[in-house]
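Step one of this worksheet: look at the structure below.
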Amino acid sequence: MNKVIENLQHVFQTPFQSNVLVFAVILFIILLAPLIFRRIKIPGIIGLILAGVIIGPHGLNLIEKNSAINLFSTIGLLYIMFLAGLELDLKGFSDYKHKSLIFGFFTFAVPLSIGYPVCRYLLEFSFETSFLVSSMFATHTLVTYPIVSRLGISRNEAVGITVGGTMLTDTAVLIILAIITGSVGGEISTDFWIKFSISVLLFLVIVLMVIPKLAAWFFRNFEGEKNSHFIFVLAMVFLAAFLSELAGLEPIIGAFAAGIALNKLIPPTSALMNRLEFVGNSLFIPFFLISVGMLINLMVLLKGQHALMIAGTLTIVALIGKYLAAWLTAFFFNYSKANRNLIFGLSSSHAAATIAVIMVGFRIGIVDENILNGTIVLILITCLVASFVTEYSAKRVLIADTLSAPIAPAIRDQKILVPISNPSTMERLLDLAIAIKNPKNRFPIVSLSVVEDDLEARQRLIEAKKTLEKAIVHAAAVDQEVEIITRISQNIPSAIKRVATEIMASEIIIGYALKSQFTDILFGNTISYIVDNTNQAVWVGSLSEHLNQRKKIVVVCPRYADREYGFNLWLDRVFRLAKTLQVRCDILSTPESFKHIKEYMQTHKLNISLNHVEFEDWSNFLEIANFIQPSDLVIIVLPRNGSISYKANQEAIPRLMAKNFENHDFILIYPNELEKGSETMFTSDFDKNILQEGINQLSKKAKSLSGVFRKKQ
């Protein structure tokens with residue numbers, strides 16, 4: 001009994017020595033702290049930081065700040081910066097990069113200009129100490145970035161310029177830190193600047209040019225290795241962070257640069273993005289926030305009036321400097337109050353870069369213990385303030401965007417039907433459906449498999465259900481729901497049509513079959529049947545597994561396409577696809593059609609890069625080869641027979657695309673149209689079905705007779 005008690009005492013001795021117990025405690029904190037604090041209307045991030053204070057060496061001392069904690073903390077910080085670069089809207093950022101430069105200047109210069117005189121003349125620090133501490137005010141860490149990511153506004157312009165400005169100001173401060181460190185050590189010379197410049201240039205070349213090409217090659221040649229994709233991305237992130245460290249910069253710069261480098265190769269709706277965000281937000285980032293709390297020692301406030309004054313002064317100056325920078329940015333660009341506060345909330349938290357600056361200063365002897373303790377208090381208070389402000393202002397921004405954004409057509413009723421006959425193309429068609437599906441749509445994607453009614457129907461039905469179950473798993477990887485339906489029918493196209501009618505589908509997405517059967521020649525193939533007998537939009541895709549590596553989308557529109565009933569719907573989906581893939585759209589159309597396309601984009605406040613190429617001569621359709629590359633996704637809008645923009649020569653386009661552009665990814669869009677009226681008996685579904693079923697039976701008899709004949713031979 002005594003031995004058991006001794007073992008228990010040893011296990012629960014503080015700080016905990018059992019690695020299993022340490023990890024279990026941290027996991028329970030990650031699980032419970034956000035849930036508890038959200039119930040009392042406090043951001044969950046604060047719960048994680050305060051939990052770190054309680055369990056850390058300056059609290060109950062349950063867990064010591066050892067190498068394992070430091071490792072996970074570093075991973076979490078790098079993960080935050082990587083996701084910030086990965087989720088950055090590069091198209092939007094290129095449009096407002098000058099705004100990021102201006103915000104970066106304000107958030108660097110304003111805190112520095114306020115902090116230096118306060119440190120030099122009020123707190124009476126030395127020149128080196130004053131300059132180092134005031135440069136610390138200019139840094140900030142995106143501790144509250146997970147809040148905007150969770151609320152789905154990471155692509156908001158205010159968020160984008162804050163992320164860009166973060167990298168600019170942190171880079172400038174870390175360069176200042178390198179200069180101050182070199183000056184104290186007497187290492188500043190011409191050779192220092194030459195080596196520093198060359199190493200930074202090499203770092204940028206490797207990360208921004210070599211890594212994207214390597215990643216594209218890896219994703220292309222190891223398409224089926226989903227787990228390897230995740231490991232590969234993490235390896236690239238930490239390689240970039242290490243190269244950044246070799247170049248004399250902080251690793252966070254490398255992690256952010258890796259996110260930028262891989263941005264276009266990892267679409268927001270992809271399974272890989274879902275895995276990266278899940279692992280980061282569930283484990284590594286909370287670990288970092290807990291470790292920030294473990295640094296904080298609230299007892300420093302009891303060490304005398306001088307320590308309290310330094311802590312209070314540093315905190316007030318840090319918050320005022322960042323608020324003024326946000327206010328000036330909002331004033332210059334006429335941002336709303338909510339966007340101004342969002343910028344302030346994101347940029348006011350001090351953590352990693354601040355600790356890096358102060359710890360280096362403490363190590364080289366220009367920062368004393370009072371400043372170090374004051375900085376720890378600064379970290380706690382600024383993280384708390386930033387969490388409250390970001391949570392509140394992000395919700396205001398989200399509400400304002402929702403109220404001001406026009407409702408896209410057919411968003412509420414968007415139901416996508418994906419008939420699957422070839423398992424090898426299933427994932428590609430589902431990825432396309434996910435890419436054009438509005439994320440706010442409550443309906444699941446419907447995956448359909450129709451098997452022919454014959455003696456082998458039972459076995460084929462079992463195989464079809466197994467295939468569709470894989471569709472559920474594939475969609476679940478990106479948090480999408482798939483409803484599966486199986487049917488047995490003598491007429492597969494007719495069954496697809498009936499299901500589309502039953503579920504009231506808005507779009508039907510099918511794969512393009514390059515080979516035709518004899519019955520297709522006589523009576524038209526599945527695509528023709530569906531197009532002729534439905535009024536839903538039909539998307540016919542000939543896609544490779546590398547849809548996310550397309551460089552741009554080329555949309556070919558016939559004359560008067562803008563006057564068709566389904567114009568707004570297909571345009572909305574194409575623009576959503578372009579936004580998902582983060583590419584520009586080249587529109588081949590008449591000037592009149594392009595004018596209406598631009599008006600639609602402006603009315604719905606869409607930030608899509610458009611380029612117009614005048615194209616009218618559909619009789620020489622193959623001339624589009626002059627405007628496209630193998631890396632492009634070609635989308636051709638084909639009106640149905642009887643539409644205002646229909647021409648007879650458009651019937652040959654599917655065959656021309658299959659014959660002349662077999663190495664290109666292309667999509668044929670047949671826009672939706674108004675409900676059709678009654679049809680004559682010669683064009684009714686009933687008569688076509690009878691004929692089709694008769695031909696199916698004749699085809700089966702012919703196959704069986706052919707088999708008997710071969711056996712006799």
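No lab work stands behind these numbers, since they all come straight from the coordinates. These numbers come from a predicted model, not from an experiment. Heads up, the Cβs are rebuilt from the backbone with ideal geometry, glycines too, and the neighbour counts pull from every protein chain shown.
Just to confirm a number: summing +1 for Lys and Arg and -1 for Asp and Glu over residues other than Pro591 whose beta-carbon lies under 15 angstrom from that of Pro591, what do you get?
Numbers: positive: Arg559, Arg563, Lys595, Lys598; negative: Asp562, Asp586, Glu592, Glu599, Glu614, Glu616, Asp617.
Charge balance near Pro591 sits at -3.
Hey, which of these cross-link pairs are over 32 Å Cα-Cα: Lys97/Lys226; Lys322/Lys552; Lys440/Lys465?
The answer is Lys97/Lys226; Lys322/Lys552.
Please order Glu87, Glu662 by the number of other Cβ within 10 Å, starting at the fewest. Could the numbers behind the result be given before it?
Numbers: Glu87 22, Glu662 10.
Ascending number of Cβ neighbours within 10 Å: Glu662, Glu87.
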Report task. Return Met273, Met299 ranked ascending by Cβ neighbour count within 10 Å, so the fewest neighbours appear first. Result -> Met299, Met273
Report task. Give Lys99/Lys579; Lys213/Lys595; Lys99/Lys598 a once-over and call out the pairs whose C-alpha atoms are over 29 Å from each other. Result -> Lys213/Lys595
Requested in this report: Based on the mean of other Cβ atoms within 10 Å per residue, sort peptides 495-508, 226-239, 620-633 so the most packed one is first.
Outcome: 495-508, 226-239, 620-633
Requested in this report: Could you work out how far the C-alpha centroid of the stretch 325-341 sits from that of the stretch 621-645, in angstrom?
Outcome: 44 Å
Query raised in the report: If we sort 24-31, 75-82 on the protection proxy, mean other Cβ atoms within 10 Å, highest first, what's the order?
Result: 75-82, 24-31
Report summary line: Counted neighbours (other Cβ, 10 Å), sorted fewest up, put Tyr121, Tyr116 in the order Tyr121, Tyr116
Query - Highest to lowest packing among 593-604, 538-549, 314-325, scored as the average C-beta count within 10 Å - result: 314-325, 538-549, 593-604
Report task. Using label points projected 7 Å from each Cα along Cα→Cβ, tell me how many nm separate Phe362 and Phe222, to one decimal. Result -> 4.0 nm
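What is the local net charge at Ile285, summed over the other residues whose Cβ is closer than 14 Å to its Cβ (Lys, Arg +1; Asp, Glu -1)? Could the numbers behind the result be given before it?
Working: positive: Arg150; negative: Glu87, Glu277.
Summing Lys and Arg as +1 and Asp and Glu as -1 gives -1.
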Requested in this report: Net charge near Thr390: determine it from the other residues with C-beta under 13 Å of the C-beta of Thr390, scoring Lys and Arg +1 and Asp and Glu -1.
Outcome: +4
Report summary line: So, with points 7 Å from each Cα along the Cβ direction, the Phe230-Asn70 label distance in nm works out to 2.9 nm
